[in-house]
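Encoded as structure tokens, the structure appears first; notes follow it.
Every number in this text was worked out from the coordinates using simple rules, so none of it is lab data. Because the structure is predicted, anything quoted here is derived from the model rather than measured. In this analysis, Cβ positions are derived from the backbone assuming ideal geometry, glycine residues included, and neighbour counts consider all displayed protein chains.
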Amino acid sequence: MTIAAPDSALYEKWHREWRFPDGVTYLNHGSFGPSPIRVQNARQEWSATLERQPMDFYLRQMELAIDGTVNKLSEFVGVKADGLIAVDNATVGMNIVARSIELNPGDEILTTTHDYGAVLRLWRSACRDAGAELKVQHVDLPVSSSDEIAETIVGGITARTKLLIVSHVTSVTGTIFPVQEICRRAHEKGVPVCVDGPHAIAMIPLAIRDIGCDFYTASCHKWLCGPFGSGFLYVDSRYRRQVKPSIISWGGSVSGRQPHWKDEFNWLGTRDPAPFVAVSTAIDVLRECGLEAFRGYTHALARYARARLVDVTGLEPLIPDGPEWYGSMISLPLAEGGEMDQVQGYRDPLQDRLWENHRIEIPIMHWQGRRFIRVSCHLYNCPQHVDYLAECLAKELAK
Ligand SMILES: Cc1ncc(COP(=O)(O)O)c(C=O)c1O
């Protein structure tokens, strides 16, 4: 499969906004996306403002600063600001949802085999505590249409299903799931949906109001390039009265404003909200680059990576080609067997060798008894990085 490398004009213009140690090829924005220097500076300035005069910051500035970023972020993700709260990351958002859904013995939570491991673990624990059941629906790849995905997932709903959890862009395979259609079908059966969306924000066009979900949780440190420790949870109006924070604090406005359902979530004890507030700068940076240009370039680079690595592995991708199936991240299966037995915990020996021998940061992931190599492409990546990865992977697989 040969395709031409994309034009790297956007990379030339933007990559200096990031700084990496010399010699490191970073291809794992999907797990831990570093933020541009401008965003890091904005975060530090907010922290310095807090340290300089904490009384002034907490009583007079903090809530306004959080509101300002919530407003801008809400517009960015296509939903009204009154339903969106700041959280540290998608994990915290999902924990809030898990605390807020009342589960009784015999109830079911429906998830899929594509859901993120920690999300499955959280819901397994919540179900165990309540005597409920976690149902994990198998969605086998390859599929030929996104309708097939929606049908399979919603096919797992029973009269006992309390909530459906679904990834917007799946973690291991990078597949874009048809969440709007899934919500439509689940709602027809009277089941609310929580979309787990940390990979979708910025990577693909996102309008939460059109998806029509009941909850949407995301981290901003991935494709949006917000600081580590920034994320959000959107809660539909029907659930705002029942959502419970994962940390109990004063539950009121520190600046003395009128009570609001968000009060439980803004003051989680004395802490630094700088990462979330600096998300505003991350949105400015991506808008300055141009969202369509960013998506076009990073998708083209991911597509190039997919073709180059298929040549190396000789194995077909699990999803069809096209921007409706994947965005800036691709994932390809590796040959079965081999080093799979040597895997210890989360560490894969091939991942370690790509780092130790070639200084390439890339995840080798394990899922459904198979191994996958996942390549993330952001503005600081270029075709040469992909070529270098293809060359080094070929060497390591030949050993
Ligand atoms: C689909 C999905 N959900 C949730 C998470 C958890 O994100 P975080 O660690 O930022 O909370 C991840 C992280 O990679 C993910 O890929």
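Quick notes
- Normalised size of region 10-99, defined as Cα radius of gyration per 2.2 N^0.38 Å with N residues, equals 1.38.
- Size estimate for region 39-154 follows the Kirkwood approach: the inverse of mean 1/r over distinct Cα pairs works out to 17.8 Å.
- Region 40-285: relative contact order in percent, alpha carbon pairs under 8 Å with at least 6 residues between: 26
- 19 Å reach of a label modelled at residue 260, 7 Å along Cα-to-Cβ, counting backbone N of region 205-232: 216, 231-232
- R0 of 22 Å, Cβ-Cβ distance residue 13-residue 321: FRET efficiency to nearest 0.05: 0.25
- Paired Rg and Dmax values of region 195-255, which use every Cα atom, in angstrom: 13.5, 37
- Near-label residues of region 230-258 by backbone N, under 12 Å of a point 7 Å along Cα→Cβ of residue 99: 243-251
- Estimated FRET transfer efficiency (residue 4, residue 357; beta-carbon r; R0 41 Å; 0.05): 0.90
- Normalised by 2.2 N^0.38 Å, where N is the number of residues, the alpha-carbon radius of gyration of region 226-342 equals 1.63.
- Once the Cβ-Cβ distance of residue 237 and residue 180 is raised to the sixth power relative to R0 = 25 Å, the FRET efficiency obtained is 0.85.
- One chain, two ends: residue 158 and residue 22. Fully extended at 0.36 nm per residue, the span grows by 43.6 nm beyond their Cα-Cα distance.
- The chain, helix-only ellipticity at 222 nm - DSSP H runs n ≥ 4, -39,500 (n - 2.57), divided by all residues, nearest 500: -11500 deg cm²/dmol
- Under DSSP loop assignment and at most 14 Cβ neighbours within 10 Å, longest GluC sites (Glu not before Pro)-free interval of the chain: 103-323
- Partners for residue 13 among lysines (Cα-Cα distance below 22 Å; same-chain residues under 8 apart left out): 222
- Panel note: the C-alpha atoms of region 285-399, placed on their principal axes, show extents of 46, 29, 26 Å (largest first).
- Percent of C-alpha pairs per 10 Å bin in region 101-231, short distances first: 13, 44, 34, 9, 0.
- Here the spin labels are modelled as points 7 Å beyond Cα on the Cα-Cβ line, and at residue 124 and residue 396 they lie 2.7 nm apart.
- log10 of Debye I(q)/I(0), alpha-carbon scatterers only, for the chain at 0.06, 0.10, 0.15 Å⁻¹: -0.24, -0.68, -1.43
- Sorting the segments 250-257, 363-370 by their residues' average number of neighbouring beta-carbon atoms within 10 angstrom, most packed first, yields 363-370, 250-257.
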